[in-house]
Amino acid sequence: FNVDVSLTPSHAVPSTLFGQMFEDINSGDGGLYGECMFSPIVYSLLHLLTFSSAAESRISASDTEYALMNARLIERNADERTDTTAALDPWAAIGEAQLTVIADPKPVSSALPNSLQVTVPAGTSGSVGFSNSGFWGIKVESSWTYNASFYFRFPSASTFTGKLNVALQTTSGRVLASNSISVRGSQTGWTHVSLSLRPSTTAPNTDNVFAVTIEPTRGDTETAINFAMFSLFPPTFKNRPNGMRIDIAETLAEMGPAFFRFPGGNNVGQTTATRWQWNATVGSLLDRPGRVGDWGYVNTDGLGLLEYLNFFEDVGMEPIMAVWSGYSLGGTSLPENELAPYIQQAADQINFVIGEPGTSPPASLRASLGHPEPFALRFVEVGNEDFFAADTYPYRWRDFAGNLSALFPNITFIATTDAFSPIISPDPQAYDVHVYQTPGWFIQNAFYYDSFERNSTKYFEGEYAAISTNASNIFGTPDQGRLLFPDMQSASGEATFMTGLERNSDIVFAASYAPLLQHVNDSQWTPDLVSFDAGNVYRSTSFFVQKVHSSIAEKLKSPKTYQWLQLFSLNKGDEYLPTTLPDPAGTVFWSAVRNTTSQEVILKVANAGADEAAVVFQLPFTSVAESGTLQQLHGDPTASNTPEQPNSVAPVTSKIATGKVLNFTAPAFSVSVISVQVK
Ligand SMILES: O=S(=O)(O)O[C@H]1C[C@H](O)[C@@H](O)[C@@H]1CO
C-alpha cells in the first residue's frame, strides 16, 4: 500500500479519546476495590430481593419518603431480616463453633442490621471460631501489613473472659500472621476492633483464609458473641484508606486512560429500588447498606462515589458519570409525574462531585469527608442503553437532561438511545454508542463514523469489543464461538476499528472497550480487557492495543514501569493527519497523528488479515529522522493471554529505519505503532 501522509492536520485529537468503562460486573468487590473479604453479612441475596420488592411497592416516593430514602435508603422492615442464609456463604466454622446470621436486636448500625452470631458450646476444647475464604482466596505477602477490623458484642452479659485470636492462615491451618485482643462477657455494647497483621512469610498461593478463634481463659459455659462489619485491607494504591487493590489499579493506570465511565453499564441500576444511589455509597462503611447489583450479587458499596473520585485523581483521568434515568430493565419506566425525586437525587450526585461547599448539602458532605475542592466533571450520561426503553426516553431525557443542564450548564449530557432515534430534546450534545461484534464486523466497519453528518453532535463509543467469532450468535457460549479471552484476531480487529475512531475523532470524543475487568473465578461476561484472580492480574492482547493508543506520560507515578511506558506516551497525538485512505473492504488499516509537543508523527497500522502487508508511508515533512521506534504486538490469530499462559503475546519495542519514504511490513494479525521525529 502506498500511503501519503498530509502535512496539514484535519482536526485536533480530543484528549479524552481513549479511556475505560467500569461497572461492578465481578470486578468491584473482590476486584478493583481493595477489601480482601466477601462479608456482606448485611443482607443475604434473598433478603435484598425481598427488600427491593418492598421498595418497588413504594416507588411513588412522596417528598417525606424521598427524604427518608435519600437519608439512607428505605428502612427495611423487621420481618424482611429473616432469611439470610446466603450471607453465610463465605464463612466457615472452626471446631465446634456454630455460626448463624441474625437480625441483631441491637444492630451495629441502621444500615447494617444483621450480625454473624458465633456460639461456642460449653466445655469446648481445641480451637473454636470461624474463617472467611476471601474472594476465591487471599493473597498473603510478607512485605505487607494488613489491617483487620470488625465489631463485636456479647448479646448477653456473662462472666466469660478470654481472647479473640485473629489470623491469616493457609487453608491447611498454617498460621501466617496473627494478633489478638482480650474480651470479656460484660462487653454487651459494640466494640470496634482494629488489628495489624504482619505475615511472617509470603504464602506460596492464595489458598488462605482470615480466621478468628475464641480462646476462653476459663470457659466451661456456652458463649455467644455477635460480630459485624468485617474488613481486611492490604496496602492500597497510593495508600488511600478504603482504596484500590494495587496490582489492578496499576494495570488500569498503565493503560493511560483519559476517562473512566462509571458506575455502569447495567449496574447503574435497572429497577428503582435497586438503582445505584450515590448517597448510600459515601461516608462511614457502617452507613453503607449495600445493594443487589445488576449482576445478581451484593455490592457492598465499599467502593463508593468518593473512592471512585479519589482514584480518578490518583490516575489522572476524568469521570464520565452516569445518573439513573428512571428505567427498569424489566421494561417499566417511571411515569413522568414521578421523576422529580430522582432528578433531585441526580442533581445531588452531581453536586457531591462539583458543588461548592456551603451552597449545597452534598457538596458540604464532600468537604466534610475531606475533599472541599470540587472534582473534575465534564460528562454525565443519562441512564444506560435506554434504547431498551426508547418509548419513554423522550420525557425522561427531557426532564433529566433539561433540568440538570439548567443547573449545570458546563456539563455535557450524553444520551443513551440510538442516535437520533427517537428524536429527543433538548438536542443531545452526545450519544453513547455500544457494539459487541465479531472481529470481522470491526474490520468491515472501520469507516463506521466517516459517513456521519458533521453537525454539533459528538459520539462516545462507550462499549465496544470483538467478543465472538460467530456472526450468527454474538452473545453465545464459548462452544458457540464466544471468546473467553481476547486473542490476536479480536485485538487486531478492534485496532482496525480504532484507526477509524482516530480518523473521526472530530466527532468521536471518547471510546472504551468493555467490559474492563473480570475475576476469573466468578465471571458473567467474557472476554474482558483485564482479568485477575486473588493473586494475579492478566493483561490481554486487547489491553495492549488499548494501551498503545493512550497517553500515559506523567500520569503514572511508579518509576519502575515509567521508562518503558514513556515510549507509549508519545502515541497520543493531538492532531490528526489525513492520509491516503485504507481500503474499506480490506484488512489493513492505518492512521497518522502528530504530537505537536514532541514533534513526532505516530503511525498506527492494524493488520487484521492472515497475510503480511507492505506499507510505504510518504512523509513530506522538511526532515524526518532516519530511525524511529516501532512498538508491535502480533501473533497467531488465536494467540491469547490467559491465566495459564499470561504472557503469550506482549508488545515488543524496537528501532526501525525511517525517512521521508518509510517502508514498513505489517505482519499478519498485528498492531504496530511507529513514532518518528519530524521537522
Ligand atoms: O447484557 S448487556 O445488556 O449486553 O450488558 C452489557 C451492556 C451494558 O451496558 C453493560 O453493562 C454490559 C456489558 O458490558
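Of the residues making up segment 380-396, just one is open to solvent by less than 10 Å² (accessible area, probe 1.4 Å) and over 11 Å from Ser325 (Cα atoms), namely Val380. The strands (runs of 3 or more DSSP E) found wholly in segment 122-172 and carrying at least 1 residues that are hydrophobic (A, V, I, L, M, F, W, C) and more than 22 Å from Asn208 (Cβ to Cβ) occupy 146-153. For beta carbons closer than 7 Å, sequence separation of 6+ or different chains, a first residue in segment 524-536 that is open to solvent by 10 Å² or more (accessible area, probe 1.4 Å) and of a type in the set (A, V, I, L, M) and a second that is in a loop (DSSP other than H, G, I, E, B) and more than 15 Å from the ligand (Cβ to nearest atom), the qualifying pairs are Ala534/Phe135; Ala534/Trp136; Ala534/Ile138; Ala534/Lys139; Ala534/Thr206.
Taken together, the residues in segment 512-535 that are in contact with a Ser or Thr (Cβ under 9 Å, 6 or more places away or on another chain) and either of a type outside the set (Phe, Trp, Tyr) or more than 16 Å from the ligand (Cβ to nearest atom) (or both) amount to 16.
Screening Thr217, Thr223, Thr272, Thr213 for residues that are modelled with pLDDT of 95 or more and either within 17 Å of the chain's Cα centre (by Cα) or more than 16 Å from the ligand (Cβ to nearest atom) (or both) leaves exactly one candidate, Thr213. Selection of segment 173-202 for residues being in contact with an Asp or Glu (Cβ under 7 Å, 6 or more places away or on another chain) and crowded, with 19+ Cβ neighbours inside 10 Å yields only Pro199.
When each of Leu309, Leu286 is tested for being away from the ligand (no atom under 16 Å from the Cβ), open to solvent by 10 Å² or more (accessible area, probe 1.4 Å) and of a type in the set (A, V, I, L, M), the lone residue that passes is Leu286.
Note on segment 9-25: among residues that are within 16 Å of the ligand (Cβ to nearest atom) and outside any strand (DSSP E or B), the one that is farthest from Asp528 (Cα to Cα) is Gly19. The combined condition, being among the hydrophobic types (A, V, I, L, M, F, W, C), in contact with a helix residue (DSSP H, G or I) (Cβ under 8 Å, 6 or more places away or on another chain) and not in a loop (DSSP other than H, G, I, E, B), is fulfilled by Val673. Thr417 meets the conditions (1) touching a strand residue (DSSP E or B) at 6+ places or on another chain (Cβ under 6 Å); (2) without any contact (Cβ under 8 Å) to a residue 60 or more places away in the chain in every case but one. The failed one is (1). Taking segment 467-488 as the range and being within 23 Å of the chain's Cα centre (by Cα) and of a type in the set (S, T, N, Q) as the test, only Ser468 passes.
Among the residues of segment 489-501, is there at least one that is more than 22 Å from Gly316 (Cβ to Cβ) and within 16 Å of the ligand (Cβ to nearest atom)? Taking every residue of segment 489-501 in turn, at least one turns out to be more than 22 Å from Gly316 (Cβ to Cβ) and within 16 Å of the ligand (Cβ to nearest atom). Count of segment 539-590 residues, restricted to those that are modelled with pLDDT of 85 or more, over 28 Å from Pro637 (Cα atoms) and not hydrophobic (A, V, I, L, M, F, W, C), is 4.
Which one is farthest from the chain's Cα centre (by Cα), of the residues in segment 383-416 that are within 15 Å of the ligand (Cβ to nearest atom) and closer than 21 Å to Leu501 by Cβ? Filtering first and then ranking leaves Phe387.
Could you pull out the residue among Asn226, Asn205 that is polar (S, T, N, Q) and either open to solvent by 40 Å² or more (accessible area, probe 1.4 Å) or assigned to a loop (DSSP other than H, G, I, E, B) (or both)?
Residue meeting the stated conditions: Asn205.
Listed by position, the strands (runs of 3 or more DSSP E) enclosed by segment 584-660 that each have at least 2 residues that are under 22 Å from Gln444 (Cβ atoms) are 588-595, 600-607, 613-618, 627-634.
So how many residues does segment 502-511 have that are in a strand (DSSP E or B) and either more than 16 Å from the ligand (Cβ to nearest atom) or basic (Lys, Arg) (or both)? Please lay out each step first, then the result.
If we filter segment 502-511 for residues that are in a strand (DSSP E or B), which is where we start, we get 508-511.
Going one step further and asking which of them are either more than 16 Å from the ligand (Cβ to nearest atom) or basic (Lys, Arg) (or both), we end up with 508-509.
Number of matching residues: 2.
Against the definition (out of contact with any Lys or Arg (no Cβ under 6 Å at 6 or more places or on another chain), closer than 26 Å to Ile414 by Cα and open to solvent by less than 10 Å² (accessible area, probe 1.4 Å)), how does Ala273 come out, yes or no? Taking the combined requirement at face value, the residue does not satisfy it. Of the residues in segment 342-362, at least one is assigned to a helix (DSSP H, G or I), in contact (Cβ under 8 Å) with a residue 24 or more places away in the chain and either at positive phi or surrounded by fewer than 17 Cβ atoms within 10 Å (Cβ to Cβ) (or both).
For (1) without any contact (Cβ under 8 Å) to a residue 40 or more places away in the chain; (2) away from the ligand (no atom under 16 Å from the Cβ); (3) more than 18 Å from Asn351 (Cβ to Cβ), each residue gets a yes or a no:
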| site | (1), (2), (3) |
| --- | --- |
| Pro235 | no, yes, yes |
| Pro263 | no, no, no |
| Asn266 | no, no, yes |
| Trp295 | no, no, yes |
| Trp324 | no, no, no |
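Quick check on my filter: what residues within segment 327-341 are surrounded by 17 or more Cβ atoms within 10 Å (Cβ to Cβ), under 24 Å from the mean Cα position of the chain (by Cα) and not in a strand (DSSP E or B)?
Within segment 327-341, just Ser328 meets the criteria.
Of the residues making up segment 637-679, those that are of a type outside the set (A, V, I, L, M, F, W, C) and more than 24 Å from Gly573 (Cα to Cα) are Pro637, Thr638, Ser640, Asn641, Thr642, Pro643, Glu644, Gln645, Pro646, Asn647, Ser648. Of the residues screened, Tyr431 is one that is buried (at least 18 other Cβ atoms within 10 Å of the Cβ), within 15 Å of the ligand (Cβ to nearest atom), modelled with pLDDT of 95 or more and closer than 26 Å to Thr392 by Cβ.
The values are calculated or read from the model by the stated rules, or taken from the named source; none is laboratory data. Since the model is a prediction, treat every value here as computed from it, not as a measurement. Note that each Cβ is placed from the backbone with ideal geometry, even for glycine, and that neighbours are counted across all protein chains shown. To get the accessible areas, we keep the full protein, side chains included, count just its heavy atoms, and leave off ligands, DNA and RNA. Shrake-Rupley method; radii C 1.70, N 1.55, O 1.52, S 1.80 Å.
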